[in-house]
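Worksheet for the structure shown next.
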Amino acid sequence: MRLRDLFKSNSIKEDATLKTVKDLQLLDDVWIKEDEEIYTGWIWDISRRCITVVYGEDLRDFRFQIPRPMNATTIIQDNKILYCNKPNNDN
């Protein structure tokens, strides 16, 4: 069992709409693309200006600056891409 699973509820809601940056909450699942590899991660901290994400098997973390307007579904920063929704294989 993963640490974040202790804090997440067991109910998973399916939503047809895409999640945006403003919809992200603590411990939400996100995906990080780094060096052409996509890693699963989760939101560790959200402040007014930054989102900290923990990802990968070795539990790396990275702080993304929150873009304005906050209706973006991805954030690109320092050769990394944060996906709010699970990316397709062609991304």
Could you look through segment 74-91, keep only residues that are surrounded by 14 or more Cβ atoms within 10 Å (Cβ to Cβ) and over 10 Å from the mean Cα position of the chain (by Cα), and pick out the one that is modelled with the highest pLDDT?
Lys80
Step by step: first the residues of segment 6-51, then only those that are exposed (fewer than 15 other Cβ atoms within 10 Å of the Cβ) and of a type in the set (Val, Ile, Thr), then the one that is modelled with the lowest pLDDT. Which residue is that?
Ile12
Just to be sure before I move on: is Ile81 free of Cβ contacts under 8 Å to residues at least 12 places away in the same chain and farther than 14 Å from Asp23 by Cα in the structure I sent?
no
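The values are calculated or read from the model by the stated rules, or taken from the named source; none is laboratory data. All values derive from a computational prediction rather than experimental measurement. FYI the Cβ positions are ideal-geometry reconstructions off the backbone, even for glycines, and counts take in every protein chain you see.
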